[in-house]
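Structure first, then comments.
What follows draws every value from the coordinates through simple rules; no lab data is involved. This structure is a prediction, so every number in the text was calculated from the model and none was measured. Cβ coordinates were reconstructed from backbone atoms using ideal geometry, including for glycine residues, and neighbour counts include every protein chain displayed.
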C-alpha cells in the first residue's frame, strides 16, 4: 500500500515542493531572512528529488500499467521540480516581500 | 474472473435466451411517456437535455458577443451604453464558463460514459438528474437578470472591492455569487457521479489500461472539479458574507485583502481552463483513431499527460496575478509551472499527429474540426507560453492580446472538439447522422470566421487596447483591427447557424433506433444501444473491443455476454473493481420519479429568493427541498434480493456495504470536496495573517476545554454506534443522538466563547475569519444532523440493521470527518494565535 | 505598428527589453506553428516513409517532450533574466518620486518639490527625460492598473497595498496610458498622459506647478472665479491660493495647462470644459460630478475662461 502510494507520489512531490517554495517565501523571508529561505529551498528540493529518483528507479524495470505510468509521472515530476527551482537560482531571494 | 469470453467462441451466456427476457429488460428501463419525460433519470435522456441546454447557453452568450462586437466595430460607438456593455461582457464570460463550457463537457460525460464503459447507466441517476434540473432553472433565471438590468457587471472574475457592497450595491453581484455558487455545487454533484461511474461501473475486463481516453479525461476532469471548485465556492461564501453582513474579508482598511479573492478565484480559475480542455482533448483522442482507423499512438503517454496536466494546472494560479506586485521570485515559480504545463499538451498534439500518420485520416466534417482544433489550439498554446513569460505578461495582461489568447485556447480547445463530437457521435444517438456537407460548410465558416475575429485582437492588444472597454477613441490604430474582428464574429455566427440548421434537419434523438456505427469505431458506445444501453455487457480484453472482436456487436445484441436481462426485475448495472474491473456487485438503480425534480426546482428557488432577500419564502422552499430529499432517499438502499447470476458462472451479491458499495466512494469524494473547501479556508486564514498580522489578538482567549471534550465525546459515541448497530437498537440510537448532539454543542460553545470575549465578525479580517470557521463547521454539522435524523428514521422503520447498513456507513464517514474538521478548526483558531502572537 | 499607446514603440529600458523578448517569442511561435502544421501535412499527405517516421512513439517523445522541454527551459531562463533586469535593479539615487493614486475613474498625481512639499495634480504626469522616476502606486477605491506601454509594463493599484514602478523616458514626448484593470462603470474612460520633458524644462515646469494658482487676469476670469466658488465647486476641487480646497475631485490649480481633461479622454478645449461642467454624466457616465446646469450661458463661459486661465 505504502509502496504503491509512493510510486504514484511523483505529482504530489512536485506539488508539495512547489507549495513549500512559494509559501515559505512569505513566512520565512520576513522573519529569518534570505539565508534561511535558501536553506528551505535547498532542503525541499533535495527531499523532492530524493522521492522522485526513488520513484523513477523503482519503476524503471516494471512493465505493468501502473509502473509505466508511475515511471513517466516520475520523469515529469523531475522536470517540474527542476523547472520550479530554476527561478530560485536566477532571481534574488526575499526581494519585495513585506 | 472465472470464465472469460474469448474469440474462441466461449461466451458468458448461452443462446437462445429465455423467452420474455428482453421484454422484461425493456419494461424495467421504459421511459415515462409524454411530458412526464421530465421525471426520467436515464443518462441518455438527461444527457440530451443537458447538452441541449448547454448549447442553448452557448448560443445566448454568443449573441451577447455579437452585441459587443457590434459596439466595438467603430470607435466612440453609442450602440450600447456603458452599464449595458459592462453587464453584457460580465454575462458573456460568466455564461460561457459556468453555464456552457463546464456543463457541456459534463453533459458529454453523462451521455457517453455509461455507453463507452459498458454500464447500463451512471451509478446515481437521480443525482445526475437533480444536478441537471438545478442547473437549467438556476441558469435560466440567472440569464434573465440581463433583461431587467439586474445582471452583475463586475466582470466574470468579480474582483472585490469593485464587487463589494460599497461599489456594487445592487443585487447583480448577489445573483452572481449565489447563482453561480449554486451551479458550481451542481457541477460537483456531476463530478461525483462521474468519478464513481468511471471507477466502478466499467464493463468486466476493462482494466484502467484498457479504459478509453475519454473516460480518463473525464476522471481527471472530475478530480480537478473536486479540488478546484471548493476554492471558488469558499470565495463566493466569503464575499457574500461580506456583502450581506459586513464581514471584512476583502476590505483592506479592516485587515482584509482584495488579493485573497484573486488567490482563491484563480486557484479555481486556472485549473478551470484545463477542466474544460481535458475532456475536449479526450473526445479528440476518441475521434482521431476512429477517423484514421488505427489505435491511438502513445496511449499510455497520453494518460500520463492527462494526470500531469491535472497536477501542474494547480500550480499556475498566480499566473493571472503577475501584475499585482508580488515578489519577483514568486512570479518566477509560477512562470516555471506555466511552462511545465505546456509539455503534456504538446505531447498530446504530437500523439494526435502520430495517430493520423499511422492510419489514413478520412476527411469527414469531424476530421475537419479536429484539424481546425489542432491549428487553433496550438496557436493558443503558443500565446499561452508568451503570457507565461512574466515580463511579456506585464504588457499583455488585461489587454486584447489576452482576450485573443484565451479564445484561441477555449474555442480552439473546447468548442471545436465539441462540434467535432456532435458530428462524430450524432449517429449513436440520432436516427440520422448529421449532414457532412453542412458540417463542412459550417467548419469553414467557423474556422475562417474565428481567425478573422480573433487573430487581429492579438495586435489590438499589443498596440494598447485594454480588455473590458465599452468604447475606444479613434486615432490609436485600433479602428481597423476592431472592424475586422467584428466581421469575423459574424462569420462565426453564420457557421453556428449552419450547425443549428443541420440539427433541425437531421438530428432526430432516439434511444432505440439510432443510425449506429457509421464510422466503424472501436469502442463500446458503438454497440447497438437501447434505453438500457447494450443488451448484454461485453467482456473487454482490449482498448478497441469492437475492432478486436468484429462479431461483438451482434453477440452483445443476442445477449451472449453478461447480464442479458434483468435479474431483480428492475434497473441494474454491474459494479466492478476500480483497477482490474472484476465484477463485484449488482447494483440496483432507481427509475423515474418526482422527488429529485421537486428538490432541484426548490433548491434553485431557495438560492434565487435568498438573492432578492425574500428570506421567509426562501426558507419555505428550503423546507420543501428537505422533504423532497427525504422522499428521494427513502427508497434508496433496498434490501438484498439474494445472489444474481450474470453469466459465466459469476454470481454477484445484490447487497454490499462498506468500501465495495459505490455510495461509500461517493461519500469519500464528498469528503474530499469538503476537505478542499476547508483547506481553502485555512489558506485564507493564514494568508490574511501574513497580510495584516497586527489584527491578530496578542492575548488569546481561554483554552477551549469544553468544545474539545464535546468532540471527544462525539468521537467515542461514533465508535460506539458503529459497534452497537448490530446488537442493540436502543443503545445505537442513543449513541447516535448523543454523539451528534455533542458535536453540535461543542461547536456552539466555541462560537459562543468567541462572542463572549467581545469579538465581532465585522471588526477585522481576523474576526471575520474566526466566524467564517463557525459557518463552515455549522454547514457540515447541519448535514450530519440531517443525515443522523434520517438514519434514526430508517432504524425505526426497520430499514437499517447490521447487514443493511449503507445509510449508517455513509453517515459515519461524514460524522468522523466533521469531528476532524472541528478539531482542526479549534487548533487553528485557538492554537495559531498562540504560536504567532 | 506604432501608435500612441503601443508596446512596439518602446521609449524606456523596460519596455525595450520586453519588446525584444516579444520579438523572440513571435519568431519562436511562428517556427513551432510551422513545424506542427508541416507535421500534420506530412501525417496526412506525406510519403509512406515520412508517415511511418511520424507515427512512431519516438516521434511523439522527441516532438512532444524533448523539444518542448529544451525550448521552454531556454525561454524560462531568458524570461527570468529579463525579470531580474527590470525588478532587481535599484533606482538611481537621484530618482524622482511621484505618487499616483487610482480613483474611479481618474488618476491623482502628487509630486514633491525640493523641500519635500506635496504638489498635487491629476491625470497628467510630467517627468524629466533620462532620469529614473519611481512611481508609488495606490488605489483609493477599487483595483486599477497603471499602464503606459511605451515606458513599461503595467502594475496594479490595489487598496491597502503600495506598489512601485520604475520608469525612464529615453526622449521627450507624450506617452499615452490607460487603466488596464476593469474598475467599474467608466473604466474605458480612464486614461492618462506621461509628458517627458528635458531636465531644465521639467525643473521650471515643476516650480510653476508648485506655485499658487495664477490670479484671475481679466474681468471675465474674475467673474468666473467667483461663480466657481459660489457654486460650491471648491467642495470637491482644490485651486491653491483660493478658498477652493476640496480633495474629492482632481486638483484644478493648473488645469488650464493640461493637454486633456476627463482623465485624458477629451482635449482640454473650452468647449469640452463647458460640456463637462454641464453634461459630465453623459461624457463619462457615473463619474462623481453632478451636472452644473445652474449657470447661464455667459456664466458658464466665464467659469470656463477662469479655468482655462489657470496655467
| Normalized C-alpha radius of gyration of chain B, against 2.2 N^0.38 Å? | 0.96
| field | Surface/4 estimate of mean projected area, convex hull on alpha-carbon atoms of chain A, nm² | value | 6.3
| query | If you line up the long axis of helix A:10-59 against the longest principal axis of chain A, both from Cα atoms, how many degrees apart are they, to the nearest 10? | reply | 10
| field | Inter-part distance where region C:235-311 and region B:520-583 are each reduced to a Cα centre, Å | value | 77
| task | Sort B:813, B:419, C:17 so the one with the fewest other Cβ atoms within 10 Å of its own Cβ comes first. | result | B:813, C:17, B:419
| Degrees separating the helix C:13-45 axis from the principal Cα axis of chain C, which is the longest one | 40
| said: Under the rule a/c < 1.5 gives rounded, and otherwise a/b versus b/c splits prolate from oblate, where does region C:184-311 land using the Cα gyration tensor? | reply: oblate
| request: Find the centroid of the Cα atoms in region B:153-171 and in region B:469-509, then give the distance between the two in whole Å. | output: 29
| message | Compute the angle between helix C:270-283 and the longest alpha-carbon principal axis of chain C, please, reported from 0 to 90 degrees and rounded to the nearest 10. | response | 70
| message | Please compute the alpha carbon radius of gyration of region C:48-201, then divide it by the globular-protein estimate 2.2 N^0.38 Å. Two decimals is fine. | response | 1.49
| request: Report, in cubic angstrom per residue, the convex hull volume of the C-alpha atoms of region B:681-836. | output: 98
| query | Considering chain C as a Gaussian network with a 10 Å cut-off on Cα pairs, which listed residue, C:36, C:255, C:278, attains the greatest mean-square fluctuation? | reply | C:36
| According to the Kirkwood expression over distinct Cα-Cα pairs, how big is the hydrodynamic radius of region B:503-544, in Å? | 11.9
| note | Rg (one decimal) and Dmax (whole number) from the Cα set of the protein assembly as shown, in Å, equal 32.1, 112
| query | With a 10 Å Cβ neighbour count serving as the proxy for reagent exposure, in which order, fewest first, do C:209, B:272 appear? | reply | C:209, B:272
| task | List the relative contact order of region C:76-194 as a percent without decimals, with contacts defined as Cα pairs under 8 Å and 6+ residues apart. | result | 25
| Ranked list, fewest to most other Cβ atoms within 10 Å of each Cβ, for B:398, C:156 | B:398, C:156
| In Å, descending, principal axis extents of the Cα set of region C:24-129 | 79, 31, 23
| field | Kirkwood Rh (inverse of mean 1/r, distinct Cα pairs), chain C, angstrom | value | 22.4
| field | Alpha-carbon centroids, region A:1-70 and region C:86-126: separation in whole Å | value | 44
